[in-house]
Ligand SMILES: [Mg+2]
């Protein structure tokens with residue numbers, strides 16, 4: 001058999017540039033070419049920013065209050081993070097990518113690996129395919145992406161890094177198409193820390209052995225990497241040499257634990273207010289549980305005061321509550337959480353944060369029809385929860401809720417600068433005027 005018939009593994013990594021900022025810009029073109037930051041929950045720190053902010057020397061994670069002077073001076077525009085918008089835009093990008101390959105691994109909210117073994121033959125060149133992907137995502141979502149191609153996942157990731165950093169690639173880099181002399185020069189100019197999985201600490205260790213560039217790491221014998229750094233680094237060495245060791249993980253593994261916790265927009269003192277917050281967090285956690293088609297056996301609830309407010313008395317506690325039967329029924333889960341909350345609540349403290357944890361998670365398919373009618377188990381409960389989820393999905397979050405909450409949610413997150421949910425809420429859909 002001739003070699004050309006053997007199809008090599010081939011991967012693409014597609015990554016949205018500056019994802020959160022790009023989502024804001026997609027619906028608000030006034031933000032293009034202007035300095036934009038997106039802030040963490042309760043408008044605490046910068047979690048993303050545009051190129052224009054980066055060149056001002058701002059680091060990710062800087063508290064917003066420290067940026068206010070700079071913001072005024074340079075007209076920086078700040079947004080509260082709008083995860084409803086970002087996750088919907090992410091879904092749209094992933095749906096488009098599924099149109100390019102049946103083998104897809106959603107790696108993070110804005111990154112996706114495509115398995116292209118054999119498929120690359122359908123295209124003139126990988127670069128040609130990459131430009132097409134870019135164009136389509138740009139046209140259908142307004143989001144800018146970069147595409148990297150490689151014969152291993154690690155190389156595809158590296159190619160994406162190059163596509164992003166070096167404008168002459170025009171957003172698409174196929175490592176295999178670069179002439180070898182040029183490739184060697186390129187790899188010896190990139191710091192080893194740019195390699196997937198090599199963090200700051202590891203790159204310091206590698207530097208100590210004189211391995212400071214991607215080329216140097218690739219040229220180090222994998223067996224040596226194994227003795228000094230272990231099997232994970234050995235695998236990285238092989239991947240950089242073009243030996244594919246990391247397979248595409250197409251099936252997402254259901255989570256074994258679901259945590260939902262938030263810091264409050266302002267301090268909370270009373271049990272009823274805490275109960276509202278805990279019930280609301282539990283509703284969201286239970287919805288996540290049902291989305292992955294699971295049930296849980298144990299829940300935990302926790303509350304804490306602000307450890308940084310030295311003028312306050314400190315208190316934190318948690319309680320684990322086993323359920324009488326495995327369930328994903330919001331009513332049962334809230335009941336258990338509120339029971340736990342009542343046990344650990346102490347009057348006279350200023351609470352800053354609360355949360356719930358669902359654990360001992362099983363597949364809902366394993367749930368047996370109970371012998372006796374059990375609260376929160378069985379067919380009737382499942383049907384009711386299904387209706388609840390459908391209504392909330394269609395008419396917006398909290399259209400229907402299990403625990404009645406007051407309109408004035410003092411505990412809710414402070415998000416003073418949040419953009420509309422352009423793509424998920426009918427009231428927020430942008431209106432276009434035509435003449
Ligand atoms: Mg990105």
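No value in this document is a laboratory result; all are computed from the given coordinates. Source: prediction; values computed, not measured. Don't worry about glycine lacking a Cβ; one is built from the backbone with ideal geometry, like all the others, and counts go over all protein chains shown.
Brief remarks follow.
- Rounded tilt (10° steps) of 64-74 against the dominant C-alpha axis of the chain: 60
- Extension gain from residue 65 to residue 284, taking 0.36 nm per residue of separation minus the Cα-Cα distance: 75.9 nm
- Helical contribution to [θ] at 222 nm, DSSP H n ≥ 4, -39,500 (n - 2.57), averaged over the chain, rounded to 500: -11500 deg cm²/dmol
- Cα-based helix-to-principal-axis angle, 378-395 vs the chain, degrees rounded to 10: 70
- By the Cα gyration tensor, the range 150-255 has an equivalent ellipsoid whose semi-axes, rounded to whole angstrom, run 21, 19, 13 from largest to smallest.
- Amide N proximity, the range 118-154 versus residue 95 label position 7 Å along Cα-to-Cβ, cut-off under 16 Å: 136-143
- Averaging Cα coordinates gives a centre for the range 32-50 and one for the range 294-314; these two points are 27 Å apart.
- As a length-normalised measure over Cα pairs under 8 Å and 6 or more apart, the relative contact order of the chain settles at 16 percent.
- Top of 238, 375, 281 by mean-square fluctuation, Gaussian network on the chain, Cα under 10 Å: 375
- Cα pair distances of the range 18-85 binned at 5 Å [whole percent]: 4, 19, 34, 26, 15, 3, 0
- When the alpha-carbon atoms of the chain are used, the pair Rg, Dmax equals 25.1, 79 angstrom.
- Whole-Å distance, taken between Cα centres, linking the range 323-365 and the range 215-238: 45
- Sequence-distant contacts, meaning Cα pairs under 8 Å at least 6 residues apart, place the relative contact order of the range 18-85 at 35 percent.
- Distance between modelled label sites at residue 51 and residue 34, nm, 7 Å Cα→Cβ extension: 1.8
- Were the residues from residue 128 through residue 73 laid out at 0.36 nm apart, the gain over their Cα-Cα distance would be 15.5 nm.
- Size descriptors for the range 87-155 (Cα atoms only): Rg and Dmax, in that order, 11.5, 33 Å.
- The coefficient of translational diffusion for the range 300-435, derived via Stokes-Einstein from the alpha carbon Kirkwood radius under 4 °C and 1.567 mPa s, stands at 70 µm²/s.
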